[in-house]
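A.B. asks: Before we start, here is the structure in question, set down as structure tokens.
The values are calculated or read from the model by the stated rules, or taken from the named source; none is laboratory data. Since the model is a prediction, treat every value here as computed from it, not as a measurement. Neighbour counts run over all protein chains shown; Cβ positions are idealised from the backbone, glycine included. Side chains included, ligands, DNA and RNA excluded: accessible areas come from the protein's heavy atoms. Shrake-Rupley method; radii C 1.70, N 1.55, O 1.52, S 1.80 Å.
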Amino acid sequence: MKRNVNTLIKYLFLIVAAFVSIFPFYWMIARATNTSNQIAAGKLTLGNQLITNLQQLFSNYNVSLIMWNSIKISVITVLFSLLITSLAAFGFEKFRTRSSEMIYSLFLLCMMIPLAALVIPLFKMMSGLHLVNQHIAVILPLVNNLFLIFFFRQNFKSFPDGILDASRIEGASEYTIFFRIVFPMMRSTYAAAAIYAFMNSWNSYLLPLIFLQTEDRQTMTLLISNLSSASYVANYGVQMTAIVIATIPTLVLFLFMQRGFVKGMTGSLKL
């Protein structure tokens, strides 16, 4: 009897947790299919205004170009961020010196500095390089992701030094060891880091707001922000439609890489 009660409590908890997790997505999709008046009235069921909301959104904004801008920024950021941070973390972990530990500790301290405090120096630097209103001005600060350096180093701690020593005895260079041995064996870690880097770049709002000054350069986060302040009466249906569209790339990426994400977050090493 006690076992049945424990099982019932466990399933009730899982049902409540699943509802809390899924309901915001359903709420977002349901709002995208209704008009502003229906949303203001508190309607929670699916409506028939999705096509109308899509037509209004695409007729007033170049959504395809804005989506391309966000995808381009995010993909380039992910590729360069994974390469640079993983190389840095590998060097910090496998080539330790007293000075490298001091530099690494300084990097960890820099994680405490909020991004808002760096906006003015970053803008002056990008302005001096004539990169304002260019996507690279958003990409460069996002590539230097200190958390990913910390994340990769923690995972590289479990990588056997014996494999590295054996590869060096066979005459492999350090770059060959990294790209042909370390990288394939740490694919789950890279999958988890890729999802984090993509979400960090895709959801970035402050940097695009500061650096991207024309409509043809803006990202989805700026579009959603503009929709909320475009007029005195907000069109909630169109706003929710834009949010649904903005959610799709992250959702697709996670669905394709969720197994690697789970393994990577637990420090999986494929031996």
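A.B. asks: Taking only pairs six or more apart or across chains, which ones have beta-carbon atoms under 9 Å, a first residue in the range 125-138 that is closer than 16 Å to Leu206 by Cβ, and a second residue that is of a type in the set (Gly, Ala, Ser) and in a loop (DSSP other than H, G, I, E, B)?
C.D. replies: The qualifying pairs are Val138/Ser204.
A.B. asks: What is the residue count in the range 126-154 for residues that are under 20 Å from Tyr104 (Cα atoms), open to solvent by less than 30 Å² (accessible area, probe 1.4 Å) and in a loop (DSSP other than H, G, I, E, B)?
C.D. replies: Residues that pass the stated criteria total 1.
A.B. asks: Can you tell me which residue is nearest to Ala194 (Cα to Cα) among those in the range 46-81 that are small (Gly, Ala, Ser) and over 13 Å from the mean Cα position of the chain (by Cα)?
C.D. replies: Result: Ser64.
A.B. asks: Starting from the range 95-113, take each residue that is open to solvent by less than 80 Å² (accessible area, probe 1.4 Å) and list its partners that are aromatic (Phe, Trp, Tyr), counting only C-beta distances under 6 angstrom and pairs at least six apart or across chains.
C.D. replies: Matching pairs, first to second residue: Ser100/Phe92; Tyr104/Phe92.
A.B. asks: Tell me whether the range 159-166 contains one or more residues that are buried (at least 19 other Cβ atoms within 10 Å of the Cβ) and out of contact with any Ser or Thr (no Cβ under 9 Å at 6 or more places or on another chain).
C.D. replies: yes
A.B. asks: Another one. Inspect all residues belonging to the range 118-125 and state whether any of them is crowded, with 17+ Cβ neighbours inside 10 Å and charged (D, E, K, R).
C.D. replies: Within the range 118-125, none of the residues are crowded, with 17+ Cβ neighbours inside 10 Å and charged (D, E, K, R).
A.B. asks: Any residue in the range 22-43 that is in a helix (DSSP H, G or I), under 26 Å from Asn235 (Cβ atoms), among the charged types (D, E, K, R) and touching a residue at least 12 places away in the same chain (Cβ under 8 Å)?
C.D. replies: Yes.
A.B. asks: Count, please, the residues in the range 167-200 that happen to be open to solvent by less than 10 Å² (accessible area, probe 1.4 Å), aliphatic (A, V, I, L, M) and under 24 Å from Phe256 (Cα atoms).
C.D. replies: The total comes to 6.
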